[in-house]
Amino acid sequence: MGRKYFQITEVIKTCKVDKNFIQQLERESVIRPVVQRRRKLYPPDQVDRIRIANLLIQEMGVNFEGAEVVLNMREQMIAMQRQFNEVLRLIGNEMKR
C-alpha cells in the first residue's frame, strides 16, 4: 500500500467489511484512525489491522479482545524480526572487515 491514508469508504470496499464493524473496532481500541479536518482517515497499518481483525473475528470466531491481543503480538513479532535482521546485517558488515 503506497498511499498515506484511506477514507472509510475505501476501507469498507478493500477489507470487505461494513461501517459498523470498523466503528466497533474503534470503540474496542483495536484500531486508531487519524482525524484530519473532522474526517476519519485510516493509515495503511490500520487498514491492515482491520483486514486481519475481520479474518480473526468473522472467520475464526475470535472476540474483539482476542483479536487485539493477536494483532499486538503480531506487531511485536514483526518488530523483533526487524531487529533480528538488523543484528544480522551488522554482524555481516563486521565479518566483511
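The values are calculated or read from the model by the stated rules, or taken from the named source; none is laboratory data. Note that the structure is a prediction, hence the values are computed from the model and not measured. Counting neighbours? That spans all protein chains shown, and the Cβs are built from the backbone with ideal geometry, glycine included.
Brief remarks on what is shown
- Filter result (among the small types (G, A, S) and assigned to a helix (DSSP H, G or I)) within the range 60-82: G66, A67, A79
- Subset of the range 60-97 (residues that are surrounded by 10 or more Cβ atoms within 10 Å (Cβ to Cβ) and among the small types (G, A, S)): G66, A67, A79
- Residue list for the range 1-54, restricted to those being part of a helix (DSSP H, G or I) and of a type in the set (S, T, N, Q): T9, T14, N20, Q23, Q24, Q46, N54
- Residues in the range 15-46 that are modelled with pLDDT of 95 or more and among the hydroxyl-bearing types (S, T, Y): 1 in all.
- Criterion (closer than 14 Å to A67 by Cα and either touching a strand residue (DSSP E or B) at 6+ places or on another chain (Cβ under 8 Å) or surrounded by fewer than 16 Cβ atoms within 10 Å (Cβ to Cβ) (or both)) met by exactly one of I31, I57: I31
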